[in-house]
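Worksheet for the structure shown next.
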Amino acid sequence: MSALLKIWEAIVKEAEQAQIQEGDKKGLVKNFLINDVYLRESAFAAKIFATEYKRTNDEKYFQKAIIALDALQEIFDTKDIKDGIDEPNWTPRGVRYRKGSIPATILLLYAVEETCGLIGYEFRYDIKSVVDYLEFCYLGNGKFYHDKVDKSNKSHQYHVVNTTAMAYFFLQLAKSKGIGTEFYQKEIKNIERAIVRSQRADGFWSYIEPNLYQKLFWKIHKSLPSIAIKIYNKILGDRSIFFGDAMHNVIVPYYSLKGIEVGNVGIALNVNIGLRKGLKFIESKMIHDNENIKFDFSWEPKPSHLRYCGFISTSTYFYILDFYILLLKHNIVTAKKYEEVKNGLVSYISKTLVQQQSPCINPYQDGEEFLHNIMPRPAESVFDKGFLLSNLILKEIAGGLK
């Protein structure tokens, strides 16, 4: 069995086991952490099943994709999408929900669109209402919060760069379907500029856009004593120009480029420069060891207290794999570089991250000394990983993968 198939078949098997077969939640998939459904993961699973159907021609996977989409359609038929989809978070005192989450809403619809394109399913939802929902998440000047904005909550004043990229992607998708609202016309360039200016000089995207003073601080930080940087980070916390994780850093250019692709808008010069700087940063963290490529997470900040975060997340590998397919399409990387990175990452994942228990892909890499400070997340499941990997499987099918 090839390394890629080893990973893929483990994910497909886990998705099958997680799909609910009877009752009012039939067709949806259960998340192992919250012991309940997380709607976007059912859409991810639908794409996994549709891809496996394309690979094997086994009708059961077609049916699994259909019942997943049927279950989601039933929910969308009765839900006001202007409120967005809530995102479950595990806590020691039970599951809590973020109201109107961009990742929960936009990634679900992205997966639904991709699945429908594979199996010809007609999924009904009001795209204009989704754009209206995104307006409720908008902070102005090209910036989006993670969720639907609650103006009474002071923490909602800070935008999140990766969700801004997700919003950009969906707005371009909506425009490609003829939904070009006044909001799109007025703000799309501001959103694009906000993503570009959020990038650090070395190509890294911090979690929250650094202001001009932070960018100036970055330019001189190497000449400062380490204690000055520690104090700086202590004061600013998540807003520091030094703060961010590898997965977030890949998500930003991934959805930016995906938006450019679906919108067929072309890559502006400043965006092209930013993408190439971002790629250089990502590649600088790749450790080549014979046929394996391991991603180096050692540069990430180390959580000093219990918190939600994406540090040392192995979903980073799967985002990179799908990102490189996009980069190849747009001639930002060569076919030789694409094959080198693809083969190296797949080899490392298959040898090191695949495991027997659920989830079948180890959600974390190393970091045992501070892993106790990372709150378990529903996204530690394999569904998003399988969704991202499905595009590689489809590409390999075209080349003869069985």
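The values are calculated or read from the model by the stated rules, or taken from the named source; none is laboratory data. Every value quoted in this text rests on a predicted model; they were computed, and no experiment measured them. All Cβ positions, even for glycine, are placed from backbone atoms using ideal geometry, and neighbour counts span all protein chains on display. The accessibility values were calculated without ligands, DNA or RNA, using every heavy atom of the protein model including side chains. Shrake-Rupley method; radii C 1.70, N 1.55, O 1.52, S 1.80 Å.
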**OP:** Could you work out the local net charge near G100, counting Lys and Arg as +1, Asp and Glu as -1, over the other residues with Cβ closer than 10 Å to its Cβ?
**Re:** -1
**OP:** Give me the distance between the Cα centres of the range 137-206 and the range 7-57, rounded to whole Å.
**Re:** 30 Å
Original post:
How would you order 166-173, 373-380, 177-184, 219-226 from highest to lowest mean count of nearby Cβ atoms within 10 Å?
Top reply: 166-173, 373-380, 177-184, 219-226
Original post:
For the range 238-336, what class follows from the C-alpha gyration tensor (a ≥ b ≥ c being the square roots of its eigenvalues): rounded when a/c is under 1.5, otherwise prolate if a/b is larger than b/c, else oblate?
Top reply: oblate
**OP:** Treat each spin label as a single point 7 Å out from the Cα along the C-beta direction, and report the Q21 to D289 distance in nm.
**Re:** 4.0 nm
Original post:
What pairs from K294/K351; K143/K230; K219/K277; K79/K148; K82/K148; K82/K177 go past 21 Å between their alpha carbons?
Top reply: K143/K230
Subject >> Test item: Cα-centred dipole of the chain, Lys/Arg +1 and Asp/Glu -1 on Cβ, debye >> reply: 1340 debye
**OP:** Binning at 20 Å from 0, report for the chain what percent of all alpha-carbon pair distances ends up in each bin.
**Re:** 27, 62, 11, 0
Original post:
When the chain is modelled as a GNM with alpha-carbon springs shorter than 10 Å, which of G203, G140, G84 fluctuates the most?
Top reply: G140
Original post:
With a ≥ b ≥ c the root eigenvalues of the C-alpha gyration tensor of the range 125-192, is it rounded (a/c under 1.5), prolate (a/b larger than b/c) or oblate?
Top reply: prolate
**OP:** Read phi for every residue in the range 103-108 and hand back ³J(HN,Hα) as whole Hz from Karplus 6.51 cos²θ - 1.76 cosθ + 1.60, θ = phi - 60°, with x for Gly and Pro.
**Re:** x, 5, 8, 6, 5, 4
Subject >> Most to least packed among 98-107, 186-195 [average Cβ atoms within 10 Å] >> reply: 98-107, 186-195
Subject >> Estimated FRET transfer efficiency when R0 is 22 angstrom, pair N211-F370 (beta carbons, to 0.05) >> reply: 0.15
Original post:
When the scattering of the range 266-317 is computed by the Debye formula from its Cα atoms alone, each counted once and equally, what is log10 I(q)/I(0) at q = 0.23 Å⁻¹?
Top reply: -0.95
**OP:** Would you grab the residues whose amide H sits under 5 Å from the one on D147? Only those 5+ places off in sequence or on another chain, please, with H modelled 1.01 Å from N.
**Re:** I102
Original post:
By a straight-distance test (C-alpha under 16 Å), which lysines pair with K64 as possible cross-link partners, with residues fewer than eight away in the same chain excluded?
Top reply: K13, K25, K26, K30, K47, K54
**OP:** Enter the accessible area per residue of the range 104-214 (Å², integer; probe 1.4 Å; all protein chains in place).
**Re:** 41 Å²
Original post:
How much of the accessible area of the chain, probe 1.4 Å, is carbon plus sulfur, in whole percent?
Top reply: 50 percent
Original post:
Quick one: if you stick a label point 7 Å off each Cα along the C-beta vector at E59 and K128, how many nm between them?
Top reply: 4.1 nm
Original post:
Counting Lys +1, Arg +1, Asp -1, Glu -1, what net charge surrounds V262 among other residues with beta carbon under 11 Å of its beta carbon?
Top reply: 0
Subject >> Helix-only [θ]222 nm of the chain, DSSP H runs n ≥ 4, -39500 (n - 2.57) each, per residue, nearest 500 >> reply: -17500 deg cm²/dmol
Subject >> Whole-Å distance, taken between Cα centres, linking the range 233-288 and the range 59-115 >> reply: 26 Å
Original post:
Percentage of Cα-Cα pair distances in the range 166-316 greater than 25 Å, rounded to whole percent?
Top reply: 38 percent
Original post:
D36 to I220: FRET efficiency via 1/(1 + (r/R0)^6), r the Cβ-Cβ distance, R0 56 Å, to the nearest 0.05?
Top reply: 0.70
**OP:** Starting from the Cα of L269, step 7 Å along the direction of its Cβ; do the same at V95; then give the gap between the two resulting points in nm.
**Re:** 5.1 nm
Subject >> Summed residue charge, Cβ within 12 Å of F281's Cβ, Lys/Arg positive, Asp/Glu negative >> reply: +2
